[in-house]
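One structure is given here, and the rest of the page talks about it.
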Amino acid sequence: MTAVAAGTLLVLFLPFGLALAGQATMPKMLCLVVSVLALLLSVEKYAAVLPWCIGMAIAVISLRARFCQRRPV
């Protein structure tokens, strides 16, 4: 596997990796589905951008909810 292919896979599955740090299971599943969809659409140039952005939004919201829940009041 070349470095470019490994980097592409890392970037495409970044939302799923971030969602694993969250507590809820639904964002993890959604990010996995969106990452696989982005991987399948990455054959066409710039076709994976929208699923990747949606996955990143879900992952960031999941992480934000976890951090807000852990913050002492």
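In sequence order, the stretch 9-21 has phi-based couplings of 5, 5, 5, 5, 9, 4, x, 5, x, 5, 5, 5, 7 Hz under the Karplus curve 6.51 cos²θ - 1.76 cosθ + 1.60, θ = phi - 60°, and Gly or Pro positions carry x. Based on C-alpha pairs under 8 angstrom that are at least 6 apart in sequence, the chain has a relative contact order of 36 percent.
Sorting Lys45, Lys28 by solvent-accessible area of protein heavy atoms yields Lys45, Lys28, largest first, with a 1.4 Å probe.
Computed 3J(HN,Hα) for the stretch 23-40, one whole-Hz value per residue from the Karplus formula 6.51 cos²θ - 1.76 cosθ + 1.60 where θ = phi - 60°, is 8, 6, 8, 5, x, 5, 5, 5, 5, 5, 5, 5, 5, 5, 4, 5, 5, 5, glycine and proline marked x. For the chain, the Stokes-Einstein estimate of translational diffusion at 10 °C and a viscosity of 1.306 mPa s comes to 126 µm²/s, using the Kirkwood hydrodynamic radius over alpha-carbon pairs. Of the listed residues Leu10, Leu37, the order by accessible area with a 1.4 Å probe, largest first, is Leu10, Leu37.
Entry comment: accessible area of the stretch 2-70 is 67 Å² per residue, from protein heavy atoms only and a probe of 1.4 Å.
Each residue of the stretch 51-67 is assigned a 3J(HN,Hα), and the resulting list reads x, 5, 5, 5, x, 5, 5, 5, 5, 5, 5, 5, 5, 4, 5, 5, 5 Hz, derived from the Karplus form 6.51 cos²θ - 1.76 cosθ + 1.60 (θ = phi - 60°), x at Gly and Pro. Taking the protein heavy atoms of the chain in the context of the full set of protein chains, the accessible area attributed to carbon and sulfur is 75 percent at 1.4 Å.
With the whole protein complex present, Val4 retains an accessible surface near 110 Å², based on a 1.4 Å probe.
Taking all protein chains together and rolling a 1.4 Å probe, Cys31 ends up with roughly 0 Å² accessible.
The values are calculated or read from the model by the stated rules, or taken from the named source; none is laboratory data. In this text, all values refer to a predicted model and were calculated from it rather than measured experimentally. For the accessible areas, the whole protein counts, side chains as well, though only heavy atoms, and no ligand, DNA or RNA atoms are used. Shrake-Rupley method; radii C 1.70, N 1.55, O 1.52, S 1.80 Å.
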